[in-house]
């Protein structure tokens, strides 16, 4: 459920390490957000990670400057 629709990034399991070198399990959760974006002339909606949102916004900004 908590995965990016574009790149597939999701939750990863790892471990915490204390100063005494004790190991405890933990999860690293991806920054997933529900967004609808205009890419070119089409509207894309879905759950995307923050990195993909940033790259999609950059693409639209480059397209607008190329049209000018």
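The values are calculated or read from the model by the stated rules, or taken from the named source; none is laboratory data. Worth saying up front: this structure is predicted, and the values here are computed from it rather than measured. Don't worry about glycine lacking a Cβ; one is built from the backbone with ideal geometry, like all the others, and counts go over all protein chains shown.
Tabulated data
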item: Count of residues meeting criterion [touching a residue at least 40 places away in the same chain (Cβ under 8 Å) and out of contact with any helix residue (DSSP H, G or I) (no Cβ under 9 Å at 6 or more places or on another chain)] in the stretch 3-55; result: 6
item: Listing of strands (runs of 3 or more DSSP E) fully contained in the chain that carry 1 or more residues being exposed (fewer than 13 other Cβ atoms within 10 Å of the Cβ) and modelled with pLDDT under 95; result: 32-39, 42-49
